[in-house]
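**Student:** Please see the structure below; I have some questions.
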Amino acid sequence: MKENSSTETATPTSAPTRRRFLNWAWAFFGLAAVTELGWLGVSFLNFRKDRSTPARAKSIITAGPVDMFEPATVTAIPQGQLYLARLEDGGFLALSRTCTHLGCSLRWDEEQGKFICPCHGSSYNAAGEVLTAPAPRPLDCYPVRIENGIVKVDIAAPQKRQCFEPGQVTRV
Ligand code: FES
C-alpha cells in the first residue's frame, strides 16, 4: 500500500517538472536565438559603417601637381581609371574612361586628339563631348579640386552629362 501511494504521488509531480523543464528549455533557446539575431544585426550595421568610411577616404585620387599637366593635354590616371584633361584654357576636367554606349574602355589617341572606342567606333573630344556616334552622350566626369597646388579627383560619384558646360571645368 505504501508503494502504491508513493507511485501515485510521484506521477503528478514528475509531469509538471518535465513541463517546467521544457518551458525553460524553450525560453532559453528562444532567448539565445533572439540574442544571436540581434548580434547579427549589429554586426551587419557595423560592417556597413566600416566599409563606407574607408571607401569614402579611398575615393579621393591624387593626380599630381598642377604644373605636371600642360594645357591642351590628356593624361591617363590609372589608379582612378580615368583621364585628366587639361583644356587649352588651363582648366581641369576628369573624365571616365568608360564609353557611354556600351561601356568599353576608351583610349586617348594623341595624334588624332580624341578618345576612341575600340568596340563600335565612337569618339569624343578632350572635353568628353561625342564626336562620333553611337555614343549617346558625353563621357561621365568626376569632381576635381585643387588643394595646395595638387590636383585631386573624387571618384565616388561619376556625374552623367547631357552636354559639356564650362561649369564642369575646375580652374586653377
Ligand atoms: S561601347 Fe563604345 S561605341 Fe559601343
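No lab work stands behind these numbers, since they all come straight from the coordinates. Just so you know, these numbers come straight off a predicted model, no measurement behind them. FYI the Cβ positions are ideal-geometry reconstructions off the backbone, even for glycines, and counts take in every protein chain you see.
**Student:** Checking the cross-link filter: which aspartates and glutamates have an alpha carbon closer than 16 Å to that of K58, excluding same-chain neighbours under 8 positions apart?
**Tutor:** Candidates past the 8-residue exclusion: D50, D154.
**Student:** Could I have the simple spin-label model distance between E165 and D67, label points 7 Å from Cα toward Cβ, reported in nm to one decimal?
**Tutor:** 3.5
**Student:** Would you grab the residues whose amide H sits under 5 Å from the one on A63? Only those 5+ places off in sequence or on another chain, please, with H modelled 1.01 Å from N.
**Tutor:** V151, K152, V153
**Student:** Still on this structure, I have one more. Can you give the log10 of the normalised intensity I(q)/I(0) at q = 0.14, 0.21 Å⁻¹, computed with Debye over equal Cα scatterers of the stretch 51-172?
**Tutor:** Log10 of I(q)/I(0), two decimals: -0.55, -1.19.
**Student:** Let me ask something additional. What's the magnitude of the charge dipole for the stretch 46-172 around its Cα centre, counting Lys and Arg as +1 and Asp and Glu as -1 at the beta-carbon? Answer in Debye, nearest 20.
**Tutor:** Its charge dipole is roughly 760 debye.
**Student:** Can you tell me the length gained on complete extension of the stretch F29 to R145, counting 0.36 nm per residue apart and subtracting the Cα distance?
**Tutor:** 36.2 nm
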